[in-house]
Amino acid sequence: MDGQIRIGLEAVEPAPSVVAIGFFDGVHRGHQSLISRAQKAAGEHGVRTVVVTFDRHPMEVVNPGARPPLLMGLDQRLRTLADLDVDLVVALPFDDDLRHLAPDDFVAHVLGGALQARHVVVGANFRFGHKAAGDVTTLADLGPSFGFTSEAVTLLEVDGVVISSTEIRGAVERGDVEQARRWLGRPHTLEGIVVRGDQRGRELGYPTANLLLDDRAAIPAEGVYAGRFRLVDGTWRPAAISVGRNPTFEGITAVRVEAFVIDFADDLYGVEAAVSFTHHLRGQQRFDSVEELVAQMGDDVEETRRLLAEDG
C-alpha cells in the first residue's frame, strides 16, 4: 500500500494539496484516469496528491431505500485508492452535518483547512453541497476565493459506453462479470468471512468456502463462475464459485456465495477472504440426481482451470 489513509479531516496533517473528490465505488478505469490527472497536477504544483471520498454512499443518508448495492466495501475501497500511489486518502463521514452544508461551506470545510487545496479534480458530473446544489461550475466560481483552481475530467468512454459505477453494477447484477472486469480494469471482487454452511459440498467431494458478505455488496447474478480466491496470507488460488440457492436441494432460500478452491484442502472457517469473478460459466440449474450435479461440478472445475490458464 502506497498512500496513507485517514478517517476524517481532523486526522490530516496540514499541507498544500491537489485534491481529487468522489465516492469512487469500484475505483474503476474512469476513476483511475481522474486520479492520474490529479497526480500529474500535483507534480506540476509540487504538492501532495490527496483523494477525498466518503465513508458511506450519500443515498444511505439522503434516501436509504434508494441506496445502490456497492462494488466495494469501505476498507476495500480505501485500500484500492491508496494503492494508486497517491500520498493520502481521506474518508469523510457522510453524516447529516456534511449533508446539509451549502456549497460554499462544503468547499471551506473540505478543501480549506488541512488540505490547503491548490487544485481540485472532479468528474464532469460531480455534485456537492446541500441537495446537490453545487456542480463543476459552482466549484470553478468558488475556487479563486479559496485559493484553488479546478478542472472537470470528461467521463471515460469505452466502446461507446461511459464507464460509471452504475453501469458496472448493472453488469454485475446481470452476471456479465467479463464486462465488469473490462470497465473496472480488474475482476469484480467481494470480501467477507468464511462461515460454516451445510457442508454438503464436502460430502460431494467439492468442499466450498461460504462467504458471509455485507448486505450492501453487489453480488453477481445467480450462476456459476470461474475466478480466484484470496487466502488469508494474500495469495490467490483458482476457484469455481457458485452464487445462488443450490436448486438441486430443498430448503435453501438465501443467495449464497460459495467457492471451491481448486487444489487446496486446508480449513478456511473464520478467515477473512475474498473472491474475484473473472468468467461466467453457466446459470444455476436443478439436477435430477446428485450424480449429475457432481459430474457438472467436475466440468465446472475443469473449465475454470482452462479459462484461468488462458488468462495467465
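The values are calculated or read from the model by the stated rules, or taken from the named source; none is laboratory data. Note that this is a predicted model, so its numbers are computed, not measured. FYI the Cβ positions are ideal-geometry reconstructions off the backbone, even for glycines, and counts take in every protein chain you see.
Quick notes
- GLY46 being in contact (Cβ under 8 Å) with a residue 60 or more places away in the chain and either buried (at least 16 other Cβ atoms within 10 Å of the Cβ) or in the same structural domain as ALA15 (by TED's automatic domain parsing) (or both): no
- Qualifying residue in the range 164-180 (condition: small (Gly, Ala, Ser), part of a strand (DSSP E or B), on the phi < 0 side of the Ramachandran plot and surrounded by fewer than 19 Cβ atoms within 10 Å (Cβ to Cβ)): no
- For the range 216-236, the candidate set comprises residues that are over 11 Å from ALA274 (Cβ atoms) and among the charged types (D, E, K, R); within that set, the residue that is modelled with the lowest pLDDT is ASP233.
- In the range 106-122, the residues that are in contact with a strand residue (DSSP E or B) (Cβ under 7 Å, 6 or more places away or on another chain) and closer than 20 Å to ASP87 by Cα: VAL110, LEU111, LEU115, GLN116, ALA117, ARG118, HIS119, VAL120, VAL121, VAL122
- Of the residues making up the range 134-150, none is in contact (Cβ under 8 Å) with a residue 40 or more places away in the chain and touching a helix residue (DSSP H, G or I) at 6+ places or on another chain (Cβ under 6 Å).
- Counting residues in the range 263-281 that are under 18 Å from GLU191 (Cβ atoms), in contact with an Asp or Glu (Cβ under 6 Å, 6 or more places away or on another chain) and of a type outside the set (Lys, Arg) gives one or more.
- Cβ pairs under 7 Å, 6+ apart, first in the range 162-191 and more than 13 Å from THR278 (Cβ to Cβ) and of a type in the set (Lys, Arg), second at pLDDT 95 or above and surrounded by 16 or more Cβ atoms within 10 Å (Cβ to Cβ): ARG169/LEU71; ARG169/ALA218; ARG174/ALA221
- Taking the range 22-43 as the range and being more than 20 Å from TRP183 (Cα to Cα) and surrounded by 16 or more Cβ atoms within 10 Å (Cβ to Cβ) as the test, the residues that pass are ALA38, GLN39, ALA41, ALA42.
- Among residues that are surrounded by 16 or more Cβ atoms within 10 Å (Cβ to Cβ) and closer than 23 Å to GLN4 by Cα, LEU92 is included.
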